[in-house]
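To start, the structure itself, in structure tokens.
The values are calculated or read from the model by the stated rules, or taken from the named source; none is laboratory data. Every value quoted in this text rests on a predicted model; they were computed, and no experiment measured them. Cβ placement follows ideal geometry from the backbone for every residue including glycine, while neighbour counts extend to all protein chains displayed. Side chains are part of the model used for accessible areas, which takes the heavy atoms of the whole protein and leaves out ligands, DNA and RNA. Shrake-Rupley method; radii C 1.70, N 1.55, O 1.52, S 1.80 Å.
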Amino acid sequence: MADTLEFNEIYQEVKGSMNDGRLRLSRQGVIFKNSKTGKVDNIQASELAEGVWRRVALGHGLKLLTKNGHVYKYDGFRESEFDKLSEFFRAHYRLELTEKDLCVKGWNWGTVRFGGQLLSFDIGEQPVFEIPLSNVSQCTTGKNEVTLEFHQNDDAEVSLMEVRFYVPPTQEDGVDPVEAFAQNVLSKADVIQATGDAICIFRELQCLTPRGRYDIRIYPTFLHLHGKTFDYKIPYTTVLRLFLLPHKDQRQMFFVISLDPPIKQGQTRYHFLILLFSKDEDISLTLNMNEEEVEKRFEGRLTKNMSGSLYEMVSRVMKALVNRKITVPGNFQGHSGAQCITCSYKASSGLLYPLERGFIYVHKPPVHIRFDEISFVNFARGTTTTRSFDFEIETKQGTQYTFSSIEREEYGKLFDFVNAKKLNIKNRGLKEGMKQSYDEYADSDEDQHDAYLERMKEEGKIREENANDSSDNSGEETDESFNPGEEDDDVAEEFDSNASASSSSGEGDSDRDEKKPAKKAKVVKDRKPRKKQVENKKGKDPNAPKRPMSAYMLWLNANRERIKSDHPGISITDLSKKAGELWKAMSKEKKEEWDRKAEDARRDYEKAMKEYGMGSKSESSRVEKSKKKKKKQEKQVKGKAEKKGSTSKSSSSTKSPAKNTNESFKSKEFVSSDESSSAESKKEDSEEEGVASLPPSSEDSASGSD
């Protein structure tokens with residue numbers, strides 16, 4: 001027979017909610033550790049009075065009753081584990097594990113029995129439901145009626161707030177059954193009543209959460225916060241941990257009280273009570289107890305008269321009453337010598353304290369993360385500047401905390417601390433050289449999938465392919481006209497007007513004139529493809545096939561709605577980040593499925609582009625022929641009108657040769673429309689013949705254009 005039994009994924013029923021944890025049974029007793037809060041319940045074997053095995057909603061459950069009346073419920077067992085548990089109870093605890101099923105008849109009348117701290121509503125011998133009286137916050141009576149109100153549980157999605165019992169009148173011994181019922185409940189209920197005098201009072205303490213100044217009255221079993229607007233009564237049993245943290249300025253101290261369940265102010269829940277003290281503030285304190293009572297109750301941890309710093313007195317009294325250790329920062333020391341790191345969490349700036357067994361952030365909102373619930377940590381690049389970095393923590397439950405705007409000088413100290421605590425670092429290996437150069441650290445989160453970067457790379461590849469395809473037929477494209485409205489034909493027309501004007505100046509210029517048509521033909525032939533390229537760049541064809549998406553983008557489009565439903569209210573940036581993490585964590589087999597889909601999309605795109613290219617080429621050639629024919633017809637009409645103008649111009653040049661000589665150098669602005677039309681006509685004829693001819697005289701130009 002084994003000395004211990006261990007069960008994982010066992011649920012403890014506490015105030016209506018099921019807390020996940022691990023249950024261990026040994027010779028000494030029963031131990032349950034809550035996986036969320038780390039709280040440990042220890043039941044000594046000598047205290048066990050009864051064990052009950054029954055069928056519940058989550059399979060089978062175990063109910064343990066102690067001799068002092070406490071009840072513990074654990075669910076999540078399998079039916080096959082009954083024999084093993086029964087034998088273990090019989091061998092080590094000398095108890096019989098009895099089987100008792102719940103009544104499911106649905107009747108609403110029966111008998112109420114009070115056993116220890118448990119109210120049981122039974123029909124016959126079978127229980128229908130049970131109420132732990134420690135969950136009762138208030139009990140009120142009416143005529144033949146008793147109303148029970150319960151503490152609200154923030155961990156449960158739905159909380160039971162009230163139950164009413166009808167108590168029929170009886171005349172037994174003159175006792176009112178309603179009052180008797182209420183007294184039985186109140187004797188075991190967790191109803192806080194401020195009876196008697198406070199042990200001590202601290203006046204006007206500055207409280208950061210909840211914000212304000214409060215008087216703190218210390219009672220034997222609870223803490224009373226009295227403010228101008230709100231009052232809080234905090235039982236010491238709800239205090240989970242105590243922290244005493246020095247401020248970065250070395251002049252103030254934080255005293256943090258961790259609460260479970262939290263205190264409530266309207267719809268706001270405060271899981272932490274944070275007090276801020278000045279180190280220079282002193283106090284003399286006298287306890288409202290005689291010396292014998294102080295010595296008997298606190299065993300030397302407190303004295304009747306004490307004096308010292310205010311934060312020391314508060315922490316000392318709380319430690320003695322709550323009976324829990326005070327956690328202080330460990331051996332971590334930041335770049336500036338402080339035991340904390342300045343950073344931002346969500347929208348507020350605060351301080352992050354690396355402790356011996358976890359991290360705590362103060363103050364808005366306070367966060368405490370234990371090392372044993374951390375899955376991994378990550379050092380990420382700063383989002384706005386390279387002078388800072390982000391420290392990310394992800395828990396085993398999937399919750400992510402990001403502490404941003406940490407000075408890069410703190411990186412080395414924080415990395416060494418995390419490494420010494422043997423936490424899993426997601427981007428390990430990027431620390432080298434961080435203290436000297438931040439550039440190497442800037443790629444620390446390179447292993448995370450960047451959806452925006454992938455999309456930009458895909459677009460860049462497509463643009464590069466399109467540019468290579470168009471450059472094969474574009475010729476020289478290094479320069480563009482400054483004025484996008486200018487046509488390339490204007491350059492050739494200017495050469496034509498110069499050649500026409502200089503032909504009448506004499507035979508001595510014939511050599512110079514012979515070279516100009518060659519230049520004209522070269523300019524037209526070299527620059528004409530460029531004009532075509534400019535036209536192609538004017539707009540993108542909406543009928544062109546759309547480029548294919550990558551495997552990641554196909555997967556993201558298919559899973560975007562699911563991610564949104566799993567994380568309600570997630571922003572676009574966080575959605576892309578979460579999608580990148582999910583994609584990275586995906587198995588190779590699943591990724592291959594999306595890779596195949598992306599490959600199929602790419603083949604379809606290439607096929608569509610080939611079909612689109614053949615269709616657009618035939619369409620463009622048809623449009624080009626239509627434009628060319630229309631342009632030729634316009635020039636033939638202009639040529640007839642130009643014939644008369646060139647004849648009159650020739651006679652005037654014979655009469656005044658000096659004037660003609662002066663007008664041989666014309667700027668572009670003074671070229672007449674007739675000359676431009678003549679030049680365009682000649683250029684068109686020259687292109688059709690494929691030869692560059694010598695420039696004719698004015699009369700020949702007119703007759704040639706006809």
If you take the residues in region 96-115 that are of a type in the set (Gly, Ala, Ser) and surrounded by 11 or more Cβ atoms within 10 Å (Cβ to Cβ), which one is nearest to Pro132 (Cα to Cα)?
Gly115
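So that you can scan it fast, the table gives a plain yes or no per residue for (1) charged (D, E, K, R); (2) in a loop (DSSP other than H, G, I, E, B):
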position	(1), (2)
Ile216	no, no
Leu225	no, no
Thr229	no, yes
Tyr232	no, no
Leu240	no, no
Leu245	no, no
Lys248	yes, yes
Phe254	no, no
Check Tyr74 against each of (1) free of Cβ contacts under 8 Å to residues at least 40 places away in the same chain; (2) within 30 Å of Val367 (Cα to Cα); (3) not acidic (Asp, Glu) and name the one condition it does not meet.
(1)
Got a sec? Which of Gly61, Gly51 is over 30 Å from Val367 (Cβ atoms), part of a strand (DSSP E or B) and touching a Lys or Arg at 6+ places or on another chain (Cβ under 7 Å)?
Gly61
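Conditions tested, residue by residue: (1) under 20 Å from Thr327 (Cα atoms); (2) among the hydrophobic types (A, V, I, L, M, F, W, C).
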position	(1), (2)
Leu355	yes, yes
Gly358	yes, no
Val362	yes, yes
Pro366	yes, no
Asn378	no, no
Thr386	no, no
Ile393	no, yes
Gly398	no, no
Phe403	no, yes
Here are Arg241, Arg213, Arg217: which of them is among the basic types (Lys, Arg), touching a residue at least 24 places away in the same chain (Cβ under 8 Å) and either outside the structural domain of Val146 (by the TED database) or buried (at least 18 other Cβ atoms within 10 Å of the Cβ) (or both)?
Arg241
Scanning region 357-394 residue by residue, those within 29 Å of Asp260 (Cα to Cα) and among the acidic types (Asp, Glu) turn out to be Asp372, Glu373, Glu392, Glu394
Evaluate the following for Leu259: is it open to solvent by less than 30 Å² (accessible area, probe 1.4 Å), touching a residue at least 60 places away in the same chain (Cβ under 8 Å), in a strand (DSSP E or B) and not assigned by the TED database to the domain that holds Thr37?
no
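Here's the yes/no breakdown for (1) at negative phi; (2) of a type in the set (D, E, K, R); (3) open to solvent by 40 Å² or more (accessible area, probe 1.4 Å):
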position: Val362; (1), (2), (3): yes, no, no
position: Ile369; (1), (2), (3): yes, no, no
position: Glu373; (1), (2), (3): yes, yes, no
position: Phe379; (1), (2), (3): yes, no, no
position: Thr386; (1), (2), (3): yes, no, yes
position: Phe389; (1), (2), (3): yes, no, no
position: Glu394; (1), (2), (3): yes, yes, no
position: Gln400; (1), (2), (3): yes, no, yes
position: Ile406; (1), (2), (3): yes, no, no
Could you list all residues from region 366-383 that are modelled with pLDDT of 90 or more and in a loop (DSSP other than H, G, I, E, B)?
Pro366
Filter region 117-129 for residues that are open to solvent by less than 40 Å² (accessible area, probe 1.4 Å) and either modelled with pLDDT under 85 or in contact with a His (Cβ under 6 Å, 6 or more places away or on another chain) (or both) and give the result.
Leu118
So which residues in region 302-346 are in a helix (DSSP H, G or I) and either open to solvent by less than 20 Å² (accessible area, probe 1.4 Å) or in contact with a strand residue (DSSP E or B) (Cβ under 7 Å, 6 or more places away or on another chain) (or both)?
Leu310, Tyr311, Met313, Val314, Ser315, Val317, Met318, Lys319, Ala320, Leu321, Val322
Which residues, taken from region 83-139, are aliphatic (A, V, I, L, M), touching a residue at least 60 places away in the same chain (Cβ under 8 Å) and not in a strand (DSSP E or B)?
Leu85, Ala91
Selection status of Lys413, open to solvent by 10 Å² or more (accessible area, probe 1.4 Å) and closer than 23 Å to Leu240 by Cα
no
Arg269 passes all but one of (1) in contact with a Pro (Cβ under 8 Å, 6 or more places away or on another chain); (2) under 14 Å from Thr209 (Cα atoms); (3) buried (at least 18 other Cβ atoms within 10 Å of the Cβ); which number fails?
(3)
Picked from region 72-87 (must be open to solvent by 40 Å² or more (accessible area, probe 1.4 Å) and among the charged types (D, E, K, R)), the residue nearest to Tyr11 (Cα to Cα) is Arg78
Sole miss for Gly69 among (1) open to solvent by less than 40 Å² (accessible area, probe 1.4 Å); (2) in a loop (DSSP other than H, G, I, E, B); (3) at negative phi; (4) at pLDDT below 85 is condition (3)
Sole exception among (1) surrounded by 13 or more Cβ atoms within 10 Å (Cβ to Cβ); (2) at negative phi for Ala57, by number:
(1)
Can you report the number of residues in region 575-591 which are open to solvent by less than 80 Å² (accessible area, probe 1.4 Å) and either in a helix (DSSP H, G or I) or of a type in the set (Lys, Arg) (or both)?
10
